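Each remark here refers to the structure printed beneath this line.
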Amino acid sequence: MWIETKTEMREPSRSQASFGRKVFDRLMLCTGDMDNLDKYIKDKSFVLQLAVWGLRGVARVILANNPLSGAVILAALYWASPWQGLLGTLGVLASTLTAVIIGQDSAEVAGGLHGFNGMLVSLLMGVFSSAGDWYWWLLVPVFLGSATSVFMFSGLTTLLDNWDLPAAVFPFNIIIVLYLLCTGTNNPYFPHNPAMPPGALEPNNTELIAVEVIRGIPLGVGQIYATGALGPSLLILGAVVLYSPLMGIHAVLGSAVGTLAGLSMAVRHESLYSGLSGFNGALGCMAVGGLFFTFSWRTFLFAIASAFLSAYSDIALSNLLGTVGLPACSWAATLTATLMLLLTGSLKEYRIPIGQVKAPERNLRTRSQWEAGNTEDRESTDV
Amino acid sequence: MWIETKTEMREPSRSQASFGRKVFDRLMLCTGDMDNLDKYIKDKSFVLQLAVWGLRGVARVILANNPLSGAVILAALYWASPWQGLLGTLGVLASTLTAVIIGQDSAEVAGGLHGFNGMLVSLLMGVFSSAGDWYWWLLVPVFLGSATSVFMFSGLTTLLDNWDLPAAVFPFNIIIVLYLLCTGTNNPYFPHNPAMPPGALEPNNTELIAVEVIRGIPLGVGQIYATGALGPSLLILGAVVLYSPLMGIHAVLGSAVGTLAGLSMAVRHESLYSGLSGFNGALGCMAVGGLFFTFSWRTFLFAIASAFLSAYSDIALSNLLGTVGLPACSWAATLTATLMLLLTGSLKEYRIPIGQVKAPERNLRTRSQWEAGNTEDRESTDV
Amino acid sequence: MWIETKTEMREPSRSQASFGRKVFDRLMLCTGDMDNLDKYIKDKSFVLQLAVWGLRGVARVILANNPLSGAVILAALYWASPWQGLLGTLGVLASTLTAVIIGQDSAEVAGGLHGFNGMLVSLLMGVFSSAGDWYWWLLVPVFLGSATSVFMFSGLTTLLDNWDLPAAVFPFNIIIVLYLLCTGTNNPYFPHNPAMPPGALEPNNTELIAVEVIRGIPLGVGQIYATGALGPSLLILGAVVLYSPLMGIHAVLGSAVGTLAGLSMAVRHESLYSGLSGFNGALGCMAVGGLFFTFSWRTFLFAIASAFLSAYSDIALSNLLGTVGLPACSWAATLTATLMLLLTGSLKEYRIPIGQVKAPERNLRTRSQWEAGNTEDRESTDV
């Protein structure tokens, strides 16, 4: 909707417009949730279906639900590190297949809901491993951890369903913490590096470099996939914009808010430069601004609040878990988003039921239609 | 009811009685929940309303719901430390205003339910700050923390509503722990003192002074507002008695139980002297004895059990959180009271639904009327 | 069912068969849940009833519900250590009596549901105490802790009832952690030994002795009652087989899985030798394989998965809690079993509602009858 308006504003000549419109319509099919694809692949081979499910799972990590975004993100990961790309691929496949085997709801599997936790578990196992790249034994915990994430996702969904809350990335956060606790830093088979808390003192009093801090903002988007390189991070941001431009804006904004929160708490410089200060803010901002709530100026302010709360909670939790060498992963953003979903008052009016969450632009359209058409209905069902 | 009966027992002469009765009736209007005040201020200015809401919030910290008690407590806090008094005032106002802005239920706001967590957050931020009094930068986290407490309160209320449980002071406990973790002891902007666990060894083998231990019992009531001075603590106790004499008795009793528990576990002397051993016991005792359950001899025994459980859990949690320099605040009492509210069996029969909780004396009266009037009704709705 | 079939396969002569059948029927009355006993003791003295309730509570620790199994287990505990036997007896009695006093549901009390947490609390207090055997002051926390477990059990049951989940041994796990935190290692009245995390480094590079590791498998069953001696452990295993042979197999299997998990994570040798690596696996395996789910090949695979997840989580939690000297007790198995009970998909079809859980063999029979008889009914109630 948003892009469409922009295009129309340029007022092109008629023939150009009709051709441009056709191309544009084709392109539009590739944005948003790509629901049409599901019908198309319905009677195709299992391998193709699995690929689409997996790519949706890859995109779900960053709250997008678009296989093309997933493909772009996967390319970004292989670009950043082929080993990490491989681990991510295996993780998403292992957990999606586990979901099929233990008989999880097929609509959920097709939506990639059983893939993203497995992928995150695998990526983080790879990042924290101190055994170096291409350490093939790591595939054992990668497979087991990814498979376990399906169990966690299924169980937590039942638990949280009571309040119409999503299991989100709670499974990943639980499993990675358990894995790191299980192995410890000096495990003979699966050694890993301890996480450094952001509140740790700088080794020497170095000056803060402003350019590096600003560079950390797009890196914050990449850190959602545990990637600290600028190119892949920008590519990942592009994949988000492909799904929903509104979401892309929130991602950058949230990461900036997170960096600001980090500055106000004087965290380690490395934490700001690497984007680690920003990624919880980005996730917290994206979840509230447009995804789980219809976008509006009010929701926007709540999204900023959510970004700040996510970022500060992340510093707090990182300092706490850092005392035993553990990372706080995305606990802060997940808990904050859950809190926002539970909120009563003016935010609640914008809340979209979990089962009906689509791309922000589409949520917005559905709501306008809905409000225009049947205001009475809504009021009657409000009770 | 309770005071009234006592007065009648003195059997005064008729004219005295009628005058005394008038004065007494006026006084009685100032005790309990002061529901009449709400009607009176309904069409008054917003500032006056906000003041009443805020004062209710101040009193709610100690489970009272009476603006006069709130005023007395606020005076006690300014007496103990003007800076702490100011922080408390700002905290309760900031969170009440936030609740108004984000559109929380107006009846809840008017009842002071959105003020007490913000007040506690502010008071504890002030107490733990090592930057000294009148450090104006502290107002930034005070405002942000107080505002966040409204988000937490709203979200947790939705979560706990399932079991008809109150959000109580969970928001305060969560936020203060996150704040202290976020800043750390050597933060350049907001430094704070680490908490000392009660199980820490005494520096040298000093004798325990009995008088100081007994003095710690009333101080335990003051420690609910993070105040360690005797005068203000007694004034706070007076404010509780103004709301409900029964509650005042439970407060002192609970604090005594907490001190006893502390003695049995050989905690640090300072912990006993300062009243820190007593305040969780006091809160646990007050919540069960009269507030959330109709007062009776059975409830009384459960209140004692709740005080012991709160006090021992507090020692345990303080020792745990003390390993990372964090205080256990009122986690123990809040968790214990929540457990008691979930209990089945004989205690459940006395439970008052959260929406109908009033001053203990009034709960008692409502119940007698209810039991006298319609026993059949009760049995039929019991299913 | 299972034994019966085996017996029939031997095809004995007619007279022998009729006599054998009689003896066998008598014996069969002593296996499984022994529901008939309840009718028999209904109008007997309170002391006899209490004894039966207590013995059921003793057996409940290992998920069995059979007073004879309880008696055998108690004998095993007295054999291993008379002091531990005494503590266990007092614990189970104290909590069962507390449940009677605070008016808990009488069917629950008669089923031993209020005994097993108290027993575990007492046994573990004894095991961790560094004051030696026959330290009579320990009876104070034993009584208080056992009584508290009833409060926890009642409260948690209300909380978890929402999802038809059992409170299981959560009360024990919470109370023992609070107790150990409360007293600390150098408490003057109740000192205890700190727990050693399984990931701790070996003092010197010793060889792993295979026989000792295999010996650790049956010890894992004994460790459920905090017993590290072989004889008593085998007797406890016998008691489980008396209740349900299927459960006995799962216990040994789960313990073996736990040992395997321990080996794969290179835990301390002592952890493997003592059976501490195995007991969470055993509990996780027993809960899923037959007890809460009807036994089948599918459930069996889930039981193995549950054993692995319990065992790995136990290593993780033990390493985490070990940093503050605390044991992980049976947190891992309890959480894993809870997760399994929440699972959707193919496992859910085998789930038995908590109120209808019986011995695995009987669950199996009930299900066959149920499936044979009224398939339509089931489908209609499935909605």
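Annotations
- Test: residue in segment C:310-319 that is within 21 Å of A:Gly184 (Cα to Cα) and without any contact (Cβ under 8 Å) to a residue 24 or more places away in the chain: yes
- Flag if B:Thr334 is assigned to a helix (DSSP H, G or I), facing chain C (nearest Cβ under 9 Å) and out of contact with any strand residue (DSSP E or B) (no Cβ under 9 Å at 6 or more places or on another chain): no
- Scope segment C:272-290; condition crowded, with 24+ Cβ neighbours inside 10 Å and either touching a residue at least 60 places away in the same chain (Cβ under 8 Å) or farther than 26 Å from C:Asn363 by Cα (or both); matching residues: C:Leu272, C:Gly275, C:Leu276, C:Ser277, C:Gly278, C:Gly281, C:Ala282, C:Leu283, C:Met286, C:Ala287, C:Gly289, C:Gly290
- Condition check for A:Asn187: away from chain C (no Cβ under 14 Å) and either touching an Asp or Glu at 6+ places or on another chain (Cβ under 8 Å) or modelled with pLDDT under 95 (or both): no
- You will find that of A:Tyr225, A:Tyr243, the residue that is of a type in the set (Phe, Trp, Tyr), surrounded by 24 or more Cβ atoms within 10 Å (Cβ to Cβ) and farther than 30 Å from A:Thr344 by Cβ is A:Tyr225 and no other.
Every residue, every condition in (1) modelled with pLDDT under 95; (2) within 14 Å of chain C (Cβ to nearest Cβ); (3) farther than 17 Å from C:Leu342 by Cβ, yes or no:
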site: A:Leu156; (1), (2), (3): no, yes, no
site: A:Asn162; (1), (2), (3): yes, yes, no
site: A:Ile175; (1), (2), (3): no, yes, no
site: A:Pro197; (1), (2), (3): yes, no, yes
site: A:Thr206; (1), (2), (3): yes, no, yes
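- Candidates C:Val257, C:Val252: the one that is more than 21 Å from C:Val357 (Cβ to Cβ) and within 14 Å of chain A (Cβ to nearest Cβ) is C:Val257.
- In segment B:269-276 there is at least one residue matching the filter, namely being more than 16 Å from the chain's Cα centre (by Cα) and outside any helix (DSSP H, G or I).
- If you go through segment C:342-365 and keep only what is in contact with a strand residue (DSSP E or B) (Cβ under 7 Å, 6 or more places away or on another chain) and at the interface with chain A (Cβ under 8 Å from one of its Cβ atoms), you end up with just C:Leu347.
- Only one of C:Thr294, C:Thr323 that is surrounded by fewer than 22 Cβ atoms within 10 Å (Cβ to Cβ), more than 16 Å from C:Gly220 (Cα to Cα), within 19 Å of the chain's Cα centre (by Cα) and at pLDDT below 95: C:Thr294
- Residue check for A:Leu235: modelled with pLDDT of 95 or more and either surrounded by fewer than 24 Cβ atoms within 10 Å (Cβ to Cβ) or touching a strand residue (DSSP E or B) at 6+ places or on another chain (Cβ under 9 Å) (or both): yes
- Subset of segment B:118-142 (residues that are free of Cβ contacts under 8 Å to residues at least 60 places away in the same chain and over 21 Å from the mean Cα position of the chain (by Cα)): B:Gly132, B:Asp133, B:Trp134, B:Tyr135, B:Trp136, B:Trp137, B:Leu138, B:Leu139, B:Val140, B:Pro141
- Scanning segment B:137-154 for residues that are aromatic (Phe, Trp, Tyr) and either in contact with a helix residue (DSSP H, G or I) (Cβ under 7 Å, 6 or more places away or on another chain) or surrounded by 23 or more Cβ atoms within 10 Å (Cβ to Cβ) (or both), we see that the one that is nearest to the other protein chains (Cβ to nearest Cβ) is B:Phe151.
- Unique residue being crowded, with 16+ Cβ neighbours inside 10 Å, within 21 Å of B:Phe172 (Cα to Cα) and under 14 Å from the mean Cα position of the chain (by Cα) when the list is B:Leu55, B:Leu77: B:Leu55
- From the list C:Gly112, C:Gly88, the lone residue that is in contact (Cβ under 8 Å) with a residue 40 or more places away in the chain and assigned to a helix (DSSP H, G or I) is C:Gly88.
- One residue from A:Ser313, A:Ser233, A:Ser244, A:Ser271 being hydroxyl-bearing (Ser, Thr, Tyr) and closer than 30 Å to B:Thr98 by Cα: A:Ser313
- Condition check for A:Ala316 on (1) more than 11 Å from every other protein chain (Cβ to nearest Cβ); (2) farther than 17 Å from A:Gly254 by Cβ; (3) touching a Cys at 6+ places or on another chain (Cβ under 7 Å): one failure, at (1).
The values are calculated or read from the model by the stated rules, or taken from the named source; none is laboratory data. All of these numbers come straight from a predicted model, not from anything done at the bench. Note: ideal-geometry Cβ built from the backbone for every residue, glycine included; neighbour counts use all protein chains shown.
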